[in-house]
Amino acid sequence: MTVFRAAMGDFSVVGASLYLDWFENCIFWLIFFCILFTTNIIFLNFVIAEAANSYSKVSEKLEQYILIEKCKLIDEAENMIPERIWKHDWYPKYIVVR
């Protein structure tokens, strides 16, 4: 349980090294740094994998996102045209989406 607590960032276990002799103290710190190093590598690997996964999701639909934003800008620009100037024959009756 102490190893799990140290791996999760609870460094209160470091105080236990005060009551150990020299050899046990060296072993304690060696194991402590091995655990710390290993958990950091695993965590960073997880973070990098999640970032790559998010990037791949966005890059798959990037063109769709761009087209949606263009449509929003066009709609906003058309809504700014005053009613007295706006004409129905400027726009088609139907929009074909493929």
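Residues that are modelled with pLDDT of 90 or more, of a type in the set (Lys, Arg) and surrounded by 10 or more Cβ atoms within 10 Å (Cβ to Cβ): does region 4-19 have at least one?
First, pick out the residues of region 4-19 that are modelled with pLDDT of 90 or more: none.
Within region 4-19 (the criterion being modelled with pLDDT of 90 or more, of a type in the set (Lys, Arg) and surrounded by 10 or more Cβ atoms within 10 Å (Cβ to Cβ)), the answer is no, since none of the residues qualifies.
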message: Could you list, ordered by first residue, the pairs with Cβ atoms under 8 Å in which the first is in region 25-46 and under 17 Å from Ser12 (Cα atoms) and among the aromatic types (Phe, Trp, Tyr) and the second is surrounded by 11 or more Cβ atoms within 10 Å (Cβ to Cβ) and modelled with pLDDT under 85, at least 6 apart or interchain?
response: Phe28/Ala16; Phe28/Ser17; Phe28/Leu20; Trp29/Ser17; Phe32/Ala6; Phe32/Val13; Phe32/Val14
query: Are there any pairs, at least 6 apart or on different chains, whose C-beta atoms fall under 8 Å, with the first in region 65-76 and farther than 16 Å from Tyr91 by Cα and the second aliphatic (A, V, I, L, M) and assigned to a helix (DSSP H, G or I), and if so, which?
result: Tyr65/Val58
- request: Kindly check whether there is at least one residue in region 76-96 that is of a type in the set (S, T, N, Q) and either in contact with a helix residue (DSSP H, G or I) (Cβ under 6 Å, 6 or more places away or on another chain) or at pLDDT below 80 (or both).
  value: no
Pairs where the first residue, in region 82-98, is on the phi < 0 side of the Ramachandran plot and the second is assigned to a loop (DSSP other than H, G, I, E, B) and surrounded by 10 or more Cβ atoms within 10 Å (Cβ to Cβ), C-beta under 7 Å, 6+ apart: none
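The values are calculated or read from the model by the stated rules, or taken from the named source; none is laboratory data. Quick caveat: nothing in here was measured; it's all calculated off a predicted structure. Heads up, the Cβs are rebuilt from the backbone with ideal geometry, glycines too, and the neighbour counts pull from every protein chain shown.
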